[in-house]
Amino acid sequence: MIRVTDRLAIDERALEESFVRASGPGGQNVNKVATAVQLRFDIRHSPNLPEDVRERLVRLAGSRLTRDGIIVIAAQRHRTLEPNRKDALERLVQLIRRAAAAPRARRATKPTAASRERRLQSKRKRALIKDLRQGRPEPE
């Protein structure tokens with residue numbers, strides 16, 4: 001089990017890794033060795049994820065989420081396979097951690113008296129500017 005939060009853990013068997021050739025750093029190995037990692041995590045069929053966390057995770061995943069509900073994280077920052085595996089796993093854990101944190105409810109507040117006065121003052125100023133544009137002839 002991979003510990004995400006105090007109350008949430010994901011099963012390692014729910015993760016699927018595949019290795020592909022990476023672009024970027026790698027020297028001569030870049031064309032020969034598959035060092036980039038594609039980590040896949042099926043959020044729809046994960047029994048450990050509560051429903052509210054699952055919904056927030058779908059929103060947070062964005063383009064990393066496939067139509068089938070699988071999050072795909074590609075890691076190729078490092079030259080070797082093992083650091084890329086750790087990087088991909090850490091990024092998945094961070095994403096789930098962010099989804100596990102419930103958003104705070106917004107408390108409605110009233111505008112301050114000073115902010116209302118500033119708004120009305122700017123409206124009066126704007127009205128005056130528009131009045132001056134009205135090219136009315138002055139009385140003789």
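Throughout, read-outs are computed from the coordinates displayed, never taken from laboratory work. It should be emphasised that the depicted structure is a prediction, and the values quoted were computed from it without experimental measurement. Positions of Cβ are generated from backbone atoms using ideal geometry, with glycine treated the same way; all protein chains shown enter the neighbour counts.
I'd like the orientation of helix 81-100 relative to the chain: the angle between its Cα long axis and the longest Cα principal axis, in ° from 0 to 90, rounded to 10.
The helix 81-100 is inclined about 50 degrees to the chain.
Kindly rank 79-91, 99-111, 58-70 from highest to lowest mean number of other beta carbons found within 10 Å of each residue.
Descending mean neighbour count gives 79-91, 58-70, 99-111.
Starting from 0.36 nm per residue, how many nanometres of slack lie between residue 12 and residue 91 once their C-alpha separation is accounted for?
Values: separation 79, 0.36 × 79 = 28.44 nm, distance 1.47 nm.
That pair, residue 12 and residue 91, stretches by 27.0 nm at full extension.
Helix 51-61 sits at what angle to the longest principal axis of the chain, using alpha carbons and giving 0 to 90 degrees rounded to 10?
In the chain, helix 51-61 runs at an angle near 80 degrees to the longest axis.
Can you give the angle from 0 to 90° between the axis of helix 113-132 and the longest principal axis of the chain, with both taken from C-alpha atoms, to the nearest 10?
60 degrees
Please report the relative contact order for the chain, taking Cα pairs under 8 Å with a sequence separation of at least 6, and give it as a percent rounded to a whole number.
21 percent
At a Förster distance of 35 Å, what's the computed FRET efficiency of residue 59 paired with residue 138, Cβ-Cβ distance as r, to 0.05?
According to the calculation, E is roughly 0.05.
Averaging over every viewing direction, what projected area does the convex hull of the Cα atoms of the chain cover, in nm²?
Its Cα hull, projected and averaged over all orientations, spans 18.1 nm².
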